[in-house]
Amino acid sequence: MGFELSDEQAMLRDALDRYLRDADALGLAARDPGVQRRIWQGLVDDIGVIGAAFAEEAGGFGGTQMDVFAVMEPFGRHQARTPYVAVVMLAALLRDLPDAALAAKAAEGRLIPAFAHGEGGRFDLTRAATVAEPAGEGWRLTGHKAVVLSGPLATHFVVTAQVAGAGMTLFLVDAGAEGLARQDYMAVDGQSACDLTLAATPARMLGAPGQGVAALAPAVDAGLAALGAEAVGIMAGLIEHTAAYMRQRQQFGQPLAAFQALQHRVADMVIAREQALSMVHMAQDALERGTGAETRAACAAMKIVVDRSLRFVSQNAVQLHGGMGITDELAISGWFRRAMVIAASFGSEDDHFRTYEAQAASMQD
């Protein structure tokens with residue numbers, strides 16, 4: 001696949017840049033679900049960002065990895081707090097579990113998804129203590145889900161649960177369903193999140209019983225690539241703001257940018273971003289080719305490198321700004337906190353090393 005944006009993708013990215021610059025004044029970084037919901041609705045209605053995540057046959061106008069990159073990279077640079085990663089994951093999920101009505105609703109922006117899998121402890125796609133029991137023609141779920149990012153904005157939750165005799169299975173739960181309790185809060189990066197309690201909550205099965213892990217794994221890989229694109233945008237913002245600050249800040253009668261040691265530090269930050277960008281493109285290529293174990297290994301390797309690069313760039317940006325770099329008055333602190341959340345998303349570095357080793361071993365068998 002090519003890694004240059006097409007004319008249409010570049011137009012989408014530029015339109016997002018302009019929109020998000022204006023949205024900054026409206027509270028783009030606000031820690032308020034109401035503000036986040038309003039800005040998200042504007043992105044859907046005015047820019048049509050959801051269409052980039054879905055192919056034409058599913059009601060969108062994109063669906064390629066570079067379409068998603070054209071959206072997520074500006075989101076990173078402008079600190080946009082949106083449920084777009086969940087939209088990308090849902091689009092990937094529906095490619096393996098076709099549901100024309102659900103895809104059409106999602107592509108039109110009438111369905112805002114959030115994925116509810118984690119229940120505390122180490123991230124593991126195969127583990128879910130929530131149970132599903134048949135009830136008439138449907139199902140009812142009982143259990144608890146923790147740290148559901150963008151949950152307060154969601155209209156529907158994709159929930160993992162165990163079906164007796166079959167294993168982990170995916171279900172769709174309406175945000176207003178009976179027996180669903182939500183505890184909302186803000187994550188450290190200002191993104192809205194919630195914990196869910198399900199008490200015999202009605203749900204609709206997605207796919208077949210026991211198909212949850214096989215269906216969810218490609219969706220998680222798509223989410224990892226989307227987070228990688230956002231991280232590249234975050235690093236671009238960190239480097240740009242840090243370089244501008246160093247040109248302005250005077251020390252010993254000259255700007256910080258005049259000190260060679262600090263120039264080298266910024267150069268290392270640029271190199272780290274380029275390394276991360278290369279790994280994101282590698283993962284995108286694997287996702288486009290859809291080669292199973294190779295895709296999972298590529299996405300795991302990408303996440304490891306991106307997390308390390310993001311940590312290096314964000315920490316150095318804070319250090320070069322001094323103590324004020326971690327205060328709310330500077331955009332640097334927002335990117336720094338978002339970097340911490342991305343690094344913790346979908347498992348730790350050790351989790352991704354285990355995934356990489358397992359997939360690499362399976363390719364050799």
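The values are calculated or read from the model by the stated rules, or taken from the named source; none is laboratory data. Just so you know, these numbers come straight off a predicted model, no measurement behind them. Using ideal geometry, Cβ is built from the backbone for each residue, glycine included, and neighbour counts are taken over all protein chains shown.
Scanning region 68-104 for residues being basic (K, R) and over 27 Å from S6 (Cβ atoms) gives a total of 1. Per the conditions (1) in the same structural domain as V158 (by TED's automatic domain parsing); (2) farther than 15 Å from H117 by Cβ; (3) surrounded by fewer than 21 Cβ atoms within 10 Å (Cβ to Cβ), the sole criterion not satisfied by R249 is (1).
When A298 is tested against (1) farther than 18 Å from L125 by Cα; (2) surrounded by 23 or more Cβ atoms within 10 Å (Cβ to Cβ); (3) not charged (D, E, K, R), just one condition goes unmet, and that condition is (1). Does region 172-180 include one or more residues that are more than 26 Å from E108 (Cα to Cα) and not aliphatic (A, V, I, L, M)? Yes; the residues of region 172-180 include at least one that is more than 26 Å from E108 (Cα to Cα) and not aliphatic (A, V, I, L, M).
When the criteria are applied in full, R265 fails the requirement of being part of a helix (DSSP H, G or I) and within 26 Å of A146 (Cα to Cα).
So which residues in region 184-222 are part of a strand (DSSP E or B) and within 21 Å of R338 (Cα to Cα), if there are any at all? Give the derivation first.
Of all residues in region 184-222, those part of a strand (DSSP E or B) come to 184-186, 192-206.
Listed by number, the residues that qualify are D184, Y185, M186, S192, A193, C194, D195.
Inside region 107-144, residues that are under 18 Å from S345 (Cα atoms), modelled with pLDDT of 90 or more and surrounded by fewer than 19 Cβ atoms within 10 Å (Cβ to Cβ) make up a count of 1.
Could you grab me the full set of residues in region 320-337 that are part of a helix (DSSP H, G or I) and either among the aromatic types (F, W, Y) or free of Cβ contacts under 8 Å to residues at least 24 places away in the same chain (or both)?
Residues of region 320-337 part of a helix (DSSP H, G or I): 320-326, 331-337.
Answer for region 320-337, where residues must be part of a helix (DSSP H, G or I) and either among the aromatic types (F, W, Y) or free of Cβ contacts under 8 Å to residues at least 24 places away in the same chain (or both): G322, G323, M324, G325, I326, S333, W335, F336.
Considered as a group, the residues in region 243-262 that are among the hydrophobic types (A, V, I, L, M, F, W, C) and assigned to a loop (DSSP other than H, G, I, E, B) include one that is farthest from L320 (Cα to Cα), and that residue is F252.
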